[in-house]
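To keep things clear, I will list the structure first and then write my remarks on it.
The values are calculated or read from the model by the stated rules, or taken from the named source; none is laboratory data. Owing to the predicted nature of the structure, the values given are computational and were not obtained by experimental measurement. Here the Cβ is made from the backbone with ideal geometry for all residues, glycine too, and neighbour counts use every protein chain on show.
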Amino acid sequence: HSADAHRTDLMTITRFVLNEQSKHPESRGDFTILLSHIVLGCKFVCTAVNKAGLAKLIGLAGETNIQGEEQKKLDVLSNEVFIKALVSSGRTCILVSEENEDAIIVEPSKRGKYCVVFDPLDGSSNIDCGVSIGTIFGIYTLADVHEPTVEDVLLPGKKMVAAGYCMYGSSCTLVLSTGAGVNGFTLDPSLGEFILTHPDIKIPNKGKIYSVNEGNAKNWDGPTAAYVEKCKFPEDGSSPKSLRYIGSMVADVHRTLLYGGIFLYPGDKKNPNGKLRVLYEVFPMSFLMEQAGGQSFTGKERALDLVPTKLHERSPIFLGSYDDVEEIKTLYAAEG
Ligand code: AHG
Ligand code: MN
Ligand code: MN
Ligand code: MN
């Protein structure tokens, strides 16, 4: 069709998901309704983040969460927004949030078949200085809507039916996979719609960037230390990799997905399981990486195979370009 057709043929995230849904005649639109409520939450948080500095929404909320972190006002606000949006969708039965110690069991009258695990505001340490932050979510379909319990959500990441994140940066970008590839949407504030801007994202097989908090180097184990050394002093005469570390997982992962490279949050002597939480950080990002042709490894196994035993369990994570992650898998295998 004519060159400017794409300008008038707006592919919004809602239309995109409806197209996807039409491939599943059996679906009754529940997922589309759930997603529209997640999108609403993202739009709300995007607005709050953009005016945080003005609306005195920065700084501490005066509470501490289960993680032992001092909650920021935006952590609390975002958490409340997503819980309300997810419950009001009428399509969820159990929710897990970074900011809530226990799983949230949805009241019976509002229950649906989905479980959503989410990090309402990722990168909280970057809020007050205006650096990119985000929201991360993963979606499981529960077999039958019985009285939900915590056991229902202690599932391996490979059981997720969808995962995504929204990054609140220079623009508001939502990246989503429903198991058939990865697509990126950018919020057009004048329309209040997420428009498809990054169709069918594929991560380069190999990258020139590594992303890790070098400040933890003193406590790294052998394979991680050896891998980072190789990035900085390659033995094969190739040029060293660049280091890029923003400190918001969403931003570091988004750059890795688009540019290629590897993101590492290793375990170390002080924290053998590292820092990132399995259900709502490791699994959704690993799901997206695999869907984009990359991979994700815990130091012991494929990240999506991990079976969590606790809601806020942590795991080391090495994710990104397929060939880059292969190299660190080889180093861990050699350690035996
Ligand atoms: P959150 O703000 O949701 O608690 O997550 C912060 C995480 C993640 O966004 C980031 O990759 C990591 O913390 C950075 O940790 P360090 O500051 O230890 O590098
Ligand atoms: Mn936190
Ligand atoms: Mn986080
Ligand atoms: Mn968080």
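Considering each residue of the range 19-33 in turn, at least one proves to be under 25 Å from VAL150 (Cα atoms) and either under 18 Å from the mean Cα position of the chain (by Cα) or among the hydrophobic types (A, V, I, L, M, F, W, C) (or both).
Here is a list: ILE66, ILE58. Which entry is within 16 Å of ligand 4 (Cβ to nearest atom), aliphatic (A, V, I, L, M), under 25 Å from LEU276 (Cα atoms) and surrounded by fewer than 15 Cβ atoms within 10 Å (Cβ to Cβ)?
Exactly one residue qualifies, and that residue is ILE66.
Within the range 211-232, identify whether any single residue is within 21 Å of the chain's Cα centre (by Cα) and surrounded by 19 or more Cβ atoms within 10 Å (Cβ to Cβ), and answer yes or no. Yes, because at least one residue in the range 211-232 is within 21 Å of the chain's Cα centre (by Cα) and surrounded by 19 or more Cβ atoms within 10 Å (Cβ to Cβ). Looking across SER239, SER248, one residue alone is of a type in the set (Gly, Ala, Ser), modelled with pLDDT of 95 or more and touching a strand residue (DSSP E or B) at 6+ places or on another chain (Cβ under 7 Å). It is SER248. When LYS84, LYS73, LYS113 are checked against the criterion of being free of Cβ contacts under 8 Å to residues at least 60 places away in the same chain and more than 16 Å from ligand 1 (Cβ to nearest atom), a single residue qualifies: LYS84. Considering the range 53-76, and only residues there that are among the aliphatic types (A, V, I, L, M) and touching a helix residue (DSSP H, G or I) at 6+ places or on another chain (Cβ under 6 Å), the residue that is modelled with the highest pLDDT turns out to be LEU74. For the range 285-331, filtered to residues that are acidic (Asp, Glu) and in contact (Cβ under 8 Å) with a residue 60 or more places away in the chain, the residue that is surrounded by the fewest Cβ atoms within 10 Å (Cβ to Cβ) is ASP305.
Within the range 240-266, the residues that satisfy the criterion of being among the small types (Gly, Ala, Ser) and over 15 Å from ASP324 (Cα atoms) are GLY247, SER248, ALA251. When PHE233 is tested against (1) in contact with a strand residue (DSSP E or B) (Cβ under 8 Å, 6 or more places away or on another chain); (2) over 21 Å from GLY138 (Cβ atoms); (3) modelled with pLDDT of 95 or more; (4) not small (Gly, Ala, Ser), exactly one condition is not met: (1). So in the range 96-117, with the set limited to residues that are buried (at least 22 other Cβ atoms within 10 Å of the Cβ) and assigned to a strand (DSSP E or B), which one is nearest to ligand 2 (Cβ to nearest atom)? Out of the qualifying residues, it is SER97. Only one of the numbered conditions (1) β-branched (Val, Ile, Thr); (2) surrounded by 20 or more Cβ atoms within 10 Å (Cβ to Cβ); (3) within 13 Å of ligand 4 (Cβ to nearest atom); (4) farther than 18 Å from VAL131 by Cα is not met by ILE38, and that is (3).
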